[in-house]
1. Determine which single condition residue 218 fails, assuming it passes every other condition in (1) outside any helix (DSSP H, G or I); (2) modelled with pLDDT of 80 or more.
2. Could you say whether any residue in the range 238-246 is in contact with a helix residue (DSSP H, G or I) (Cβ under 8 Å, 6 or more places away or on another chain) and surrounded by 10 or more Cβ atoms within 10 Å (Cβ to Cβ)?
3. Select from the range 74-98 the residues that are modelled with pLDDT of 85 or more and assigned to a strand (DSSP E or B) and list them in ascending order.
């Protein structure tokens, strides 16, 4: 290998300048490189550009996460190409809004992540999920158009009448207005609590929306029950009337026989007290009665007699019968 000094200096210079040019080009186009580039590319459709320009910021929850690459007219809408840093989670239903950054009219693009899953790289947010910016110029123009249609003479007369009316108002009206003012201040102070309440209400409404079918079925079942009750209204009414009459008759019966029932109930109470006192003995008797009943059933279960046996008895031996003498008649009732 030749030493560096002996090599062609012109070739080395050309190669060096080419490498330097490529490095400078890569530095200017670093955001477009695949490895160290500016993130994931997306696009969005807007009804109007609203003053959004190339290199404007992309924000999520107030944090800068990307940059606008291009704003171009595409058919009847505006197409905005932008790049989002890697690691930013965007759902499938992500929306976009144009927001005003400064009083001078500078804009930025706000992304609202929503929906499950993840927004695919290169996806385009449709026109239904985007909101164009409301410019300050448009706001003052609308204000001017609105004020032009106001009858200033009539408005002046209305204000004069209002001031004259409240000039001599009683203290009760002034107190009411003061109370309304205090109420508005208290509501303003409880802004965070109201937000929490509305947030919880949103959760409740979401749960109710998720259980919509169950609620509808519950209402239908309840309607069926109400129809059955309505159909048997007369029977239920008659049942309630009969129950009321029975209650009145039982009450009258108890009142008429109270003198006779009181001693009886007292004796029944005494018997119950005795039974409760001897509950353990009754339980033992019932437990002992079970084996006795089983043995007694086995004794009478083979026929119309008692079937039993006695243990430890020696069998009776057989008595031999002496032979008969020749010529004697046999014993009555005997014989072989």
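The values are calculated or read from the model by the stated rules, or taken from the named source; none is laboratory data. Note that this is a predicted model, so its numbers are computed, not measured. Don't worry about glycine lacking a Cβ; one is built from the backbone with ideal geometry, like all the others, and counts go over all protein chains shown.
1. Of (1) outside any helix (DSSP H, G or I); (2) modelled with pLDDT of 80 or more, only one is false for residue 218: (1).
2. no
3. Residues satisfying the conditions are 77, 78, 79, 80, 81, 82, 83, 84, 95, 96, 97.
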